[in-house]
Amino acid sequence: MSGFPYSDDNKRYYTYAYFLKHRKGGRVVRVPLDGGFTCPNRDGKLGIGGCAFCSGRGSGDQIAALPSLEEQYRAGIEKVQGKWKDARYQPYFQAFSGTYAPIETLREQYDRALALPDAAGLVIGTRADCIDERTADLLEEYAEKTDLTVELGLQTVHDRTLQAMNRCETFDQFCKGYERLKKRGICTWVHLINGLPGESLDDMRESAHVLGHMYPDGVKIHALHVLKGTRLAQMDFPLLTREEYVAVTCDQLERLPMTTVIGRLTGDGPAQDVLGPEWTKRKRDVLNAIDQELARRDSWQGKKFD
Ligand code: SF4
């Protein structure tokens with residue numbers, strides 16, 4: 001036992017598994033879906049070509065290439081069925097920007113997702129600049145009737161990196177959308193990427209420090225991996241070593257509030273498309289190394305949060 005208050009084992013951070021067990025009454029598996037959304041950074045509204053690290057499927061690479069939500073959902077469940085007893089399933093609009101469509105379309109898609117067999121809530125991945133007041137009102141409505149989580153890609157708080165990655169969104173714009181959700185009490189998770197070109201370890205620590213003080217309900221962190229066919233694959237820059245990633249991720253955990261759920265500390269790009277770093281494919285090793293590093297430091301999530 002680590003002594004960290006939100007842990008039943010050796011974990012020194014607030015894992016999603018612990019959260020599910022103690023707050024949701026058991027395992028809930030997110031089933032990634034492609035709701036046919038696009039992204040303002042792809043359709044020309046803000047940019048074209050998308051973020052330098054984004055694959056052609058808008059982060060939906062793990063989703064079965066099937067036309068309907070129902071088929072994708074069934075295929076997603078089949079993949080994990082039998083892995084956990086009594087698991088419940090949560091439709092997760094993962095591909096592209098799940099709030100980027102007219103309100104009527106959003107409502108239609110969210111209702112379809114909630115009508116999927118045994119759907120236990122809803123997760124929507126999107127960009128913060130795709131959340132205006134009307135969209136936030138709609139999300140509030142869904143949060144009142146179901147277990148809703150909205151996941152926002154931030155990746156870094158540094159505008160120069162966001163610009164270099166063709167993100168077409170500033171940190172300030174992110175904050176506006178984020179605040180609209182938080183003000184309405186909507187469960188909001190935020191994604192960070194470590195190892196973006198041009199970022200120092202200090203920059204990554206700062207991203208966690210700044211984000212921590214915004215009290216996200218959950219955070220997902222992963223190492224930048226270079227996927228085939230992305231703009232990133234054409235760029236020349238040093239990749240993070242596993243040792244650097246482990247150390248900086250522990251630094252970040254120390255700077256996040258204890259009460260923020262850590263949804264993930266490894267990436268989930270399809271192994272056959274990951275050009276590097278190679279070590280990101282061995283997720284278990286990375287997670288073990290993070291546990292060992294926190295133990296070596298006698299540290300835990302939130303130790304340096306002030
Ligand atoms: S905002 Fe998301 S979906 Fe759009 S290009 Fe960037 S990573 Fe891809």
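Annotations
- Residue count for the stretch 20-55, restricted to those that are more than 9 Å from the ligand (Cβ to nearest atom), part of a loop (DSSP other than H, G, I, E, B) and loosely packed, with under 15 Cβ neighbours inside 10 Å: 5.
- Cross-chain or 6+ apart pairs with Cβ under 7 Å, the stretch 38-53 first and among the β-branched types (Val, Ile, Thr), then more than 7 Å from the ligand (Cβ to nearest atom): Thr38/Tyr100
- Options Gly76, Gly82: the member that is more than 16 Å from the ligand (Cβ to nearest atom), farther than 22 Å from Gly153 by Cα, at pLDDT below 95 and touching a Pro at 6+ places or on another chain (Cβ under 7 Å): Gly76
- Within the stretch 55-88, the residues that satisfy the criterion of being touching a residue at least 24 places away in the same chain (Cβ under 8 Å) and touching a Gly at 6+ places or on another chain (Cβ under 8 Å) are Ser55, Gly56, Gly58, Ser59, Asp61, Ile63, Leu69, Asp86, Ala87, Arg88.
- Among (1) assigned to a loop (DSSP other than H, G, I, E, B); (2) over 21 Å from the mean Cα position of the chain (by Cα); (3) among the small types (Gly, Ala, Ser) - the single one Ser97 does not satisfy: (2)
- Wholly within the stretch 106-204, strands (runs of 3 or more DSSP E) carrying at least 1 residues that are surrounded by fewer than 22 Cβ atoms within 10 Å (Cβ to Cβ): 148-155, 187-194
- Matching entry among Asp159, Asp217, Asp203 (being in contact with a strand residue (DSSP E or B) (Cβ under 7 Å, 6 or more places away or on another chain) and either away from the ligand (no atom under 16 Å from the Cβ) or farther than 28 Å from Gln272 by Cα (or both)): Asp217
The values are calculated or read from the model by the stated rules, or taken from the named source; none is laboratory data. Predicted, not measured: the structure shown is a model, and the values here were computed from it. A quick note on method: Cβ atoms are made from the backbone with ideal geometry, for glycine too, and the neighbour counts reach across all protein chains shown.
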